[in-house]
Amino acid sequence: MFRLLSYILVAVFFATVNTAAVAAPGAPATPAAAAHPDDAYMIHGGDELNVIVYGEKDLTQDVTVLPSGTVSFPLIGEVKVGGLTPTQAANTLATSLKHYLRQPQVSVVVVKEGPLEVLVLGNVLKPGKYELPSRSRLTDAIASAGGLGVTDGNFPDARMADSHGDVRQISLQKLLHDGDTTQNVPLGDEMTVYVPSPLTLQVQVLGAVEKPGDVMIHEGDRLSTAIARAGTGSSSNADLNHITLRRAQAGGGMQTINVNLYEVLKSGDMTKDPVMLKNDLVYVPMSPSRSDKVSGPAAILYTLTHLFIP
């Protein structure tokens, strides 16, 4: 209990520092351009951009980045700018405009920052999908999920995966115990944060996964984590709408739980993502339609798979 209380106090401290930085007295309401160097800020859904096309007054305008990371712009239609810096976005727009203008000169400024969507899983009190301010950091994500669950010994290493599946490991012991603020890294849009429990258990995952069979997971991990550990991707062609979970009952019978994991991941409501128990059996059917792409909620599961690759 003392360790949990200590964590909460540290998380509140970090959250207070971050809030003070965002809402300093006299600061402008939308300090995006000043707060983020051009080569550091990554554009994401919900951002409002001021696009200037020099010498073309009718093309200079404010645009909003859609959740897909695209903007709709005159002459060239939808253009993907999510995941780019403002300079890279300006170059992308200029390249597309070359079909209509001679040597277009474009600049992009973020005039209002959109919120971040972050999925927090594992040994936290309230796992789920959270909407956080754009300058949020790791401690903000953990605090939003209610803080860490019970730990045994040192704090574990957290794993963070971005929307491209790139994973980094962060020492929560250094961050929360030693006060090393360099470990309190910024969050990105559609990032997943996973905090493992100190205890492990074994389940079985069969069917349309890349590595069917016994899977070792951490106590408190959910169905999505078990399937992700078994491996998902375009080659597995899994039907996430019709997952079956079989669980032994104390009286000797078997309980069958049907889960639409596609809708769970889409909504971010992790209360409908069952917590796994020892010796649970999961069956993932194959989708009747073949797809070579991993997108939507399936992409979230694919990102989770990368969290467990050493």
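Laboratory data are not the source of any read-out in this text; all were calculated from the coordinates shown. Since the model is a prediction, treat every value here as computed from it, not as a measurement. Because the Cβ atoms are built from the backbone with ideal geometry, glycine has one as well, and the counts that use them run over all protein chains shown.
Numbers at a glance
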{"read-out": "Globularity ratio of region 100-160, using Cα Rg and 2.2 N^0.38 Å", "value": "1.77"}
{"read-out": "Rule-of-thumb Rg ratio for region 52-207 [Cα; 2.2 N^0.38 Å; N residues]", "value": "1.38"}
{"read-out": "Lysine pair number, Cα distance threshold 26 Å (strictly under), region 65-172, separation 8 or more or different chains", "value": "4"}
{"read-out": "Beta bridges by DSSP in region 115-195, antiparallel share as percent, to the nearest 5", "value": "75 percent"}
{"read-out": "Ellipsoid semi-axes in whole angstrom, largest first, where each is sqrt(5λ) of the Cα gyration tensor of region 115-195", "value": "19, 14, 12"}
{"read-out": "Gain upon complete extension [H177, Q249; 0.36 nm per residue less C-alpha separation]", "value": "21.9 nm"}
{"read-out": "Residues V51, V195, sorted so that the one with the fewest Cβ neighbours within 10 Å comes first", "value": "V51, V195"}
{"read-out": "Q169 paired with H242, simple spin-label distance in nm, labels 7 Å along Cα-to-beta-carbon", "value": "3.9 nm"}
{"read-out": "Local electrostatic count at M254 - Lys and Arg +1, Asp and Glu -1, tallied over other residues with Cβ under 15 Å", "value": "+2"}
{"read-out": "Fully extended contour minus Cα-Cα distance, from K278 to Q103, at 0.36 nm per residue", "value": "56.6 nm"}
{"read-out": "Theoretical FRET efficiency, 1/(1+(r/R0)^6), r = Cβ-Cβ of N258 and K57, R0 45 Å, to 0.05", "value": "0.20"}
{"read-out": "Region 95-170 and region 238-289: distance between their alpha carbon centers, rounded to Å", "value": "27 Å"}
{"read-out": "Over region 71-123: Kirkwood hydrodynamic radius from C-alpha pairwise inverse distances, Å", "value": "13.0 Å"}
{"read-out": "Under 9 Å, Cβ to Cβ, from G268 - net charge with Lys/Arg +1 and Asp/Glu -1", "value": "0"}
{"read-out": "Radius 12 Å from Cβ of M191, net charge of other residues (Lys, Arg +1; Asp, Glu -1)", "value": "-2"}
{"read-out": "Assigned charges on the beta-carbon of Lys, Arg, Asp, Glu; region 32-112 dipole about Cα centre (debye)", "value": "200 debye"}
